[in-house]
Amino acid sequence: MRYISTLVYLFLVIIPATAQHKKYIAPTDTAVVNNLAKWQKMKFGLFMHWGTYSQWGIVESWSICPEDEGWTQRKGPYSKNYFEYVKAYENLQTTFNPVKFQPEKWVTAAKDAGMKYMIFTTKHHDGFSMFDTKETDYKITDAKTPFSRNPRSNVTKEIFNAFRKDGFAIGAYFSKPDWHSNDYWWRYFPPKDRNVNYEPSKYPDRWKAFKSFTYNQIKELMSDYGKVDILWLDGGWVRPLSTVDTTVEWQRGIKTDQDIDMKSIAEMARSYQPGLLIVDRTVTGPYENYTTPEQEVPHELLPYPWESCITMGDSWSYVPNDNYKSAQKIVQMLIRIVSRGGNLLLNIGPGPDGDWDPVAYQRLQAIGAWMKINGEAIHDSKPLAPYESGNIHFTQSEDGKTQYVFYLAENDNLQLPQDITVKNFAVPSGSKITLLGTGAKLKWKEENSALIINVPSLVQTKWKGKYAAVFKITR
């Protein structure tokens, strides 16, 4: 994950999502297949990027990467010298003390917003572990970290337990690359870019040590943290060289084989967590059970399971005074994603004190108010042709007996017209159409291959909704 503006992202992503994943391999394990189907019904999840970097209010991890990219720029008093900067960055461990950490508060806000699952960054690329690993002392529970003296210092366990207790599916984000590990960025050589800084085939024992380190950390997460539903692996440059797709621009920089033996990791993980979904991001194959377009909503129905991971603000990690998306934009984004068959994973970055920005709570509260009325058209739904037409989108119940028509607002508050025309959409004779939030049964007719729904003035006045109106069609 990295901080990039929408314009920059659109410039970078030049290959359509369907082209990037035309080799999607569907799982065959019955337990995985069943859990994947359950996950697809959830539709709306919470993502959290959190680490020591929140103290500086900067991009997560990437400022210590020696690449000349917009999201890797170093700032502050140490920025003139790379090695001094990295030393200061890693020293953030000694001041990390998020005393306002209270995951139950996040659970309440996420549940009220209609979220059904969560993914938490147990370790990002910088290597700082937000769990009590035995593999390194660069972790939140080490004595050098002030928060280690807090009874809730193992924040990954606390977060997982709190969300699981309230019925959420649990996801562990884990970075395959580890820029703190001496077996990935060997201190004998300076790092050159995001990749391993030595040739693994030339130093096989060192690479073997890194593979063991990675395996053991994932084993800890799979065996010591209760029921885990999703293992969400990031850092797609750590992959077999044979899987590199040179038509994807960022993959062209991968010049060496970085195979960490995903087969062994997957078998081990599922021995502890049967039916575990594994998301080896961008590495098309048997360990990418669903795909994860980043900061992007695909423009079409995709023929495989997918999830758009998108920030609520502009940044994945906490940034003071971040530019948060409006509730209207988030709700309509959720509708577009669900109507195209995907899930929305919405990211919020906790701050250095261990809490979210108040604006994040406000956004979730507003989203929740809409979901309480219209959530039945989102959860457990599936796409319905023609999927969308202008500002109108469609879903249906799993059994196909109930259809939903979303009418999206141009402004925050939606003024319903007297007649709503849905082009190229037919409903069975005798169908009943109601407007969610009112219970009003509406008159309708078909004319010139279009459905026309009449909304009388009394219903227009009664309906006080925002962002999008949902018409429910039952037979």
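What follows is calculated from the coordinates using simple rules that are stated; it is not laboratory data. This one's a predicted model, so the numbers in the text were calculated from it and none came from an experiment. Cβ placement follows ideal geometry from the backbone for every residue including glycine, while neighbour counts extend to all protein chains displayed.
Along each principal axis of its Cα atoms, how long is segment 405-449 end to end? Whole angstroms, biggest number first, please.
Largest to smallest, the principal-axis extents are 34, 24, 16 Å.
What shape does segment 227-298 have by the C-alpha gyration tensor, where a ≥ b ≥ c are the square roots of the eigenvalues, rounded means a/c under 1.5, and otherwise prolate means a/b greater than b/c and oblate the rest?
In terms of gyration-tensor shape, oblate.
Extent of the chain along each principal axis, from alpha carbon coordinates, in Å, largest to smallest?
Principal extents (Cα only, largest first): 75, 44, 40 Å.
Taking neighbour counts of Cβ atoms within 10 Å as a proxy for exposure, in what order, fewest first, do Asp178, Asp229 appear?
Ascending number of Cβ neighbours within 10 Å: Asp229, Asp178.
Do me a favour and compute the ellipsoid semi-axes for segment 122-260 from its Cα gyration tensor, root of five times each eigenvalue, largest one first, whole Å.
Taking √(5λ) for each eigenvalue gives 29, 18, 12 Å, largest first.
Only Cα pairs under 8 Å and at least 6 apart count here; give the relative contact order of segment 381-474 as a rounded whole percent.
RCO, segment 381-474: 33 percent.
So for segment 381-474, what are the equivalent ellipsoid semi-axes in whole Å, largest first, each being the square root of 5 times an eigenvalue of the Cα gyration tensor?
19, 15, 13
Under 13 Å from the Cα of Lys139, which aspartates and glutamates turn up, not counting those fewer than eight places away in the same chain?
Glu90, Asp126, Asp178
Using a simple charge model, +1 on the beta-carbon of Lys and Arg, -1 on the beta-carbon of Asp and Glu, nothing else, what dipole does segment 372-462 show about its Cα centre, in debye to the nearest 20?
Charge dipole of segment 372-462: 320 debye, to the nearest 20.
Can you grab the distance from the C-alpha centre of segment 351-399 to the C-alpha centre of segment 180-202, Å, no decimals?
Segment 351-399 and segment 180-202 have Cα centres separated by 43 Å.
If we sort 408-420, 119-131, 212-224, 247-259 on the protection proxy, mean other Cβ atoms within 10 Å, highest first, what's the order?
Ranking the peptides 408-420, 119-131, 212-224, 247-259 by packing returns 119-131, 212-224, 247-259, 408-420.
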